[in-house]
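Note sheet for the following structure.
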Amino acid sequence: MDYIQLAFDLLGNPWIRGVVGLIVVGVIFFSAIVMVWLERKFLGDIQTRPGPNRVGGRFGLLQLVADAIKLFTKEDIVPENADKPVHAGGPIVALTSAFLMAVAVPYGVVSFEGSEYLLAVTTMDISALYVEAVAAVSIIALFMAGWGSNNKYSLLGAFRNIARMLGYEVPLGLAVLSVAVMAQSLDFVQIVSRQEQLAWFIFMQPLGFIVFGVALLADLGRIPFDQIEAEEELIAGVFTEYSSMRWGFAFFAEYLHAIVGACLVVILFLGGWSGLPFLGTLFIPPVLWFVGKVFVVIMVMIWIRGALPRVRIDQVTDLGWKVLFPYSLINLVWAAAVAMVVS
Amino acid sequence: MNGEIETQINLKPSEMLLHLGPQHPLQPGPFLLDLVLEGETVKDATLEMGFIHKGIEKILENRTYLQCIPITDRMCYLASISNNEVFCSGVESLMGIEPTERAKYIRTIMLELTRIQSHLLGIGEYATDIGFLSMFLWMIREREPIISLLEMVTGARLNHSFVRFGGVAYDLPAGFKEKTLRTLNEIRKKVEKHDEIMSRDSVYLKRTKGVGVLSRKAAMELGVAGPAMRGSGVDYDIRKVDPYLLYPDLDFKVITAPNGDVFDRVKVRLSEILESIYIIEQCIDMIPGGPFKQGYNPYLIKPKPGEVYSRVEDPRGEMGMYIVSDGTFKPYRVKVRGPAFATMQALPPLLKGAYMADNAAIASSMDSCTSEVDR
Amino acid sequence: MNTTGELTLNMLKEKFQVTEMRVESPNRVWARIAPDKILAIAKFLSNELEFDHLSSIAGADYGEALEAVYQITAYSHGIVLTLKAKVPKSNPVIDSLTPVYWNAAWYEREAYELLGISFRGNPNLAPLVLPAEMMGEYPLRKDYKGYPNPT
Amino acid sequence: MGEVEGAGSETAKVRPIQKIIDAHVTFTTTSAIHDFLKKTPLQDLINWGRKNSLWFLTQPMGCCGIEMICTGAPHYDTDRFGIIPRCSPRQADVMIISGYITKKYMPALKLLWDQMPEPKWVICMGDCSISGGPFWESYSTIINTEKYFPVDIYIPGCPPRPEQLIQGFVELQKKITAKQDRTQKGDT
């Protein structure tokens, strides 16, 4: 692909790279705010209530700003017997892992003076592997939060987190691997361009999509897999002891993870920034395609949250090992076979 | 306080003592549930009540009979008409009077409306405890029309103080019948819809089937009450066993479910809502005219000395009241036998061996009312 | 009135020499029994007469004596048998019903802390609804000083 | 070393060097920043944020607890005002005392109150929490809430209607905007 080369040229300049990075961080941050707002509004719709509609106009647009101001100016309590560095580190590590994931995600291409530039902070030929690896760091973050709080609820949440991780990282990784096998690359850009050539991978390996989707939901800890923060069981799970902006960061990191997760779904299975199959891009810029797809995925996540009860923790691990793991293996075989036929 | 308890219980190194409460999102009111956990499994559970013990029995001894009625309301605010009814019917039998025919109808209708709204909230709280937040909010939404029906008659949303000795406080307002029928029709449709969701949703079924099983024999032995007991297959309903008001003549069936798990207890509640709607529809067409209360001066109630044990079927089960009169204006002794008290008592043995995550489902499927346990 | 309730009372009379008894209505009967016989009577009721449900245990304060009041009924019929046993206030001890009816435990705890009737044989006669420092005040007794609350 | 031998009090354990560090630290703690901000117009912005994000502690205690739950649910929906329930006291701003305070519950309630981070407010919902309500003369209730908590808003009623609770929140918002709430006045 010619634009990849161009992008590398461009990214060679540290200033441009830095600016792009800042922009991406800002956009991601902003989109997390949008997601929280969307969730409150859309969940309100599901639950037949209006959701925020007083703060900042009819649609409650400034609600999250108010929340952020409040959280920033609240008292910061660290429990007396907490393991203080670990306690403080939890949200920071979580946030960091989310941003580290975000840098490897390409968000589309822009055309400028006849040539196309890739919109990404950095590109690497193992970006799928890299994202997988960095995503695992967030699990450490949650464990740090749970362990450092010196609270029994948090500790239970942390243990659940580890149990869940053991069950889900494997199918998640295998689903990514199947995609990589089919695309014959671990590079997100290659994966997207391969989908442009063949078809979206959701059609090529629907089983893989389901496995990846479920495992991703579990990895993100959203309902029906929010056992680590199960309100009625563990109050606020690993974040029970967190107050003020420490909690805000943790909360925010969760949504950042959700957004990056949605991006991954789009890149790996929904054709990235490419247009619809058969119809093409319909004169809409690729970046908007990407954003639109991410939006749809996020809405589906919120919808699932509004429509399902929580699964029990032992059932979660059961599901991971007994259902998703075999299916992901089957899918891997299928992907390899299809890849051989296609190539 | 916590330290003391911890030293009393000898814990193995692999075990952990977890205090649920007094403030915990699982709870409809404050109570302290001490769990000994090994991993995620509950090894032992103890329950400490009394965080909102208000001394109602003592207060009732120091009030005149009429003044007692508002206090009985606040025993269990979700079933205040049942509480009124059990107190008033007890005093009525001490006085040797009967409510008027019209009052019987009005009371029956109000009792069933109370049952509907209490069950709706009970199911809602239960739904939120298994993480089904939307269902909780839908249930509250369904409950509001019932509340406004009750409010239309009694003027209050929760604590109605509606029943009087030999009658009721007010007559039914104009337009009550039409509004009730219309509302109940809507509620029936919605409850059937929710019933469908709850019997099909695979995640929900996974969470509830076979969880917290209370066998028929165990339920009878532990003496749980109401839907919790009927969910175990015991068709024990005071409305049939020891009928009061109009219930001997009404056509309704006692809802039971065979398995005694969490799913069945909630299923019983859902079906009871439909049954209550059916009962109200029977009554509301036949309300006779005539006075809605006896011509007593309610301020001068003075039953003859004696004692009585009256009981009704509260939304949560068998509600009994033991009233001793010494012939003065105030009751000599009132003892309340609450259904939630009996049900909560059975909670610790039921929790043993359950998963920590099932705690919430089991505890709230019993639909306890802390205020009534503590009184 | 020849009801099942009356039959029950007659059987109690034969077996346990119960003297004071009354049939109030078809579904409500009561009898006054000697406190030391309560356990035997409860066993007899639950094993042979199908009175398998303890509805409630109340206590009442009658000056010199405290009274434990048992409402025993069944899942199959609506007869409520009220048993009353007087115990002296100086030594208010009575046998616990927990060997017969499991759910007696909490009722007995409540009667113990509110009225001071001590139940011999209850596995855990700890305060249930009162804070630990209020134990021993027995607020439901008629001579209780803390009501109305001075604060 | 300046340490008093055998004394168990907290002050005795503080060493001189620690005192210096403490003095140094207090200069830069959040409270110092807050004191400074109070004198600037920025406080208005902060107050705007605070008043529009009053998260309350889920703690149903009685009849009012049920009405509190209903207030958060579809018919009334406090989420419109940015008011949402939180289960952990660490993340709550408002404690709604929604029912009877008993002698047994008081220590737990105090503990919950202490666990909440500043700034925090108390709303007394219902007659029971204001003055004991129908149970004022009972042997187990506490009727002078004012003695234990700096209450900003009293909502009478038995129980108050959900509309009243919302009105209570609106009044609290007004008090925060006008800097008349007890947290900002330092009247706690």
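For this structure, a couple of remarks:
- Going through (1) in a loop (DSSP other than H, G, I, E, B); (2) more than 10 Å from every other protein chain (Cβ to nearest Cβ) one by one, D:Leu172 falls short only on (1).
- All positions within region C:114-148 that are at the interface with chain B (Cβ under 9 Å from one of its Cβ atoms) and either in contact with a Gly (Cβ under 8 Å, 6 or more places away or on another chain) or surrounded by 24 or more Cβ atoms within 10 Å (Cβ to Cβ) (or both): C:Leu114, C:Pro127, C:Leu128, C:Val129, C:Leu130, C:Pro131, C:Pro139, C:Leu140, C:Lys142, C:Tyr147
- Any hit, region A:32-52, residues being of a type outside the set (Val, Ile, Thr), surrounded by fewer than 18 Cβ atoms within 10 Å (Cβ to Cβ) and out of contact with any helix residue (DSSP H, G or I) (no Cβ under 7 Å at 6 or more places or on another chain): yes
- Within region B:90-110, restricting attention to residues that are within 17 Å of B:Pro248 (Cβ to Cβ) and touching an Asp or Glu at 6+ places or on another chain (Cβ under 9 Å), the residue that is surrounded by the most Cβ atoms within 10 Å (Cβ to Cβ) is B:Arg107.
- A:Gly157, sole failed condition from (1) under 20 Å from the mean Cα position of the chain (by Cα); (2) in contact (Cβ under 8 Å) with a residue 40 or more places away in the chain; (3) farther than 30 Å from A:Gly271 by Cα: (1)
- Only one entry of A:Val105, A:Val137 meets the criterion of being surrounded by fewer than 21 Cβ atoms within 10 Å (Cβ to Cβ), under 23 Å from A:Leu177 (Cα atoms) and under 18 Å from the mean Cα position of the chain (by Cα), and that entry is A:Val137.
- Screening the candidates D:Cys70, D:Cys64 for the property of being outside any loop (DSSP other than H, G, I, E, B) and within 7 Å of another protein chain (Cβ to nearest Cβ) yields one hit, D:Cys70.
- Qualifying residue in region B:37-46 (condition: out of contact with any Pro (no Cβ under 7 Å at 6 or more places or on another chain), part of a strand (DSSP E or B) and of a type in the set (Ser, Thr, Tyr)): yes
- Residue tally, condition crowded, with 20+ Cβ neighbours inside 10 Å, without any contact (Cβ under 8 Å) to a residue 12 or more places away in the chain and among the acidic types (Asp, Glu), over region D:63-120: 2
- Some residue of region A:9-19 being more than 11 Å from chain D (Cβ to nearest Cβ) and touching a strand residue (DSSP E or B) at 6+ places or on another chain (Cβ under 9 Å): yes
- Counting the residues of region B:191-208 that are surrounded by 17 or more Cβ atoms within 10 Å (Cβ to Cβ) and under 17 Å from B:Pro145 (Cα atoms) gives 2.
- Odd one out for D:Leu54 among (1) facing chain A (nearest Cβ under 9 Å); (2) of a type outside the set (Phe, Trp, Tyr); (3) in a helix (DSSP H, G or I): (3)
- Helices (runs of 4 or more DSSP H) contained entirely in region A:270-343, each with at least 1 residues that are without any contact (Cβ under 8 Å) to a residue 12 or more places away in the chain and surrounded by 14 or more Cβ atoms within 10 Å (Cβ to Cβ): A:286-307, A:313-318
- Of all residues in region B:235-249, one or more are modelled with pLDDT of 85 or more, within 18 Å of the chain's Cα centre (by Cα), part of a helix (DSSP H, G or I) and surrounded by 19 or more Cβ atoms within 10 Å (Cβ to Cβ).
- Considering residues of region B:111-142 that are of a type in the set (D, E, K, R) and away from chain A (no Cβ under 13 Å) only, the residue surrounded by the most Cβ atoms within 10 Å (Cβ to Cβ): B:Arg115
- Residue within region B:13-20 that is among the charged types (D, E, K, R) and at pLDDT 85 or above present: no
- Residue pairs meeting the criteria (Cβ under 8 Å; at least 6 apart or on separate chains; first charged (D, E, K, R), in region B:157-177; second crowded, with 20+ Cβ neighbours inside 10 Å and assigned to a loop (DSSP other than H, G, I, E, B)): B:Arg157/D:Pro159; B:Asp171/B:Phe292
- Number of residues in region B:320-371 that are among the aromatic types (Phe, Trp, Tyr), buried (at least 24 other Cβ atoms within 10 Å of the Cβ) and over 21 Å from B:Leu120 (Cα atoms) equals 1.
- One residue stands out among those in region D:83-100 that are at pLDDT 85 or above and assigned to a loop (DSSP other than H, G, I, E, B): the one that is nearest to A:Gln47 (Cα to Cα), which is D:Ile84.
- Among residues of region B:23-39, those that are in contact with a strand residue (DSSP E or B) (Cβ under 7 Å, 6 or more places away or on another chain) and modelled with pLDDT of 80 or more, counted: 8
- Flag if D:Leu109 is at pLDDT 85 or above and in a helix (DSSP H, G or I): yes
- B:Phe176 being within 30 Å of B:Asn297 (Cβ to Cβ), of a type in the set (Phe, Trp, Tyr) and buried (at least 20 other Cβ atoms within 10 Å of the Cβ): no
- Residues of region A:297-322 satisfying the condition of being closer than 17 Å to B:Lys206 by Cα and more than 12 Å from chain B (Cβ to nearest Cβ): A:Gly320, A:Trp321, A:Lys322
- Region A:55-83 residues that are within 7 Å of chain D (Cβ to nearest Cβ) and buried (at least 18 other Cβ atoms within 10 Å of the Cβ), paired with ones that are of a type in the set (A, V, I, L, M, F, W, C) and part of a loop (DSSP other than H, G, I, E, B) (beta carbon under 6 Å, 6 or more apart): A:Val55/A:Leu62; A:Gln63/A:Val55; A:Ala66/A:Val55
- Of all positions in region D:97-104, at least one carries a residue that is within 14 Å of chain C (Cβ to nearest Cβ) and of a type in the set (S, T, N, Q).
- Residue match in region C:107-122 (condition: part of a loop (DSSP other than H, G, I, E, B) and more than 16 Å from the chain's Cα centre (by Cα)): no
- Residue check for B:Ile59: more than 14 Å from chain C (Cβ to nearest Cβ) and assigned to a helix (DSSP H, G or I): no
- Counting only helices (runs of 4 or more DSSP H) that sit completely within region B:184-232, those holding 1 or more residues that are more than 22 Å from the chain's Cα centre (by Cα), small (Gly, Ala, Ser) and away from chain C (no Cβ under 14 Å) correspond to B:202-208.
- Listed conditions (1) more than 7 Å from chain B (Cβ to nearest Cβ); (2) in contact with a helix residue (DSSP H, G or I) (Cβ under 7 Å, 6 or more places away or on another chain); (3) more than 17 Å from D:Pro119 (Cβ to Cβ); (4) not aliphatic (A, V, I, L, M) are all met by D:Gln91, apart from (3).
The values are calculated or read from the model by the stated rules, or taken from the named source; none is laboratory data. The structure presented is a predicted model; accordingly, all values stated were derived computationally and were not measured. Every residue, glycine among them, receives a Cβ derived from its backbone with ideal geometry; neighbour counts consider all protein chains shown.
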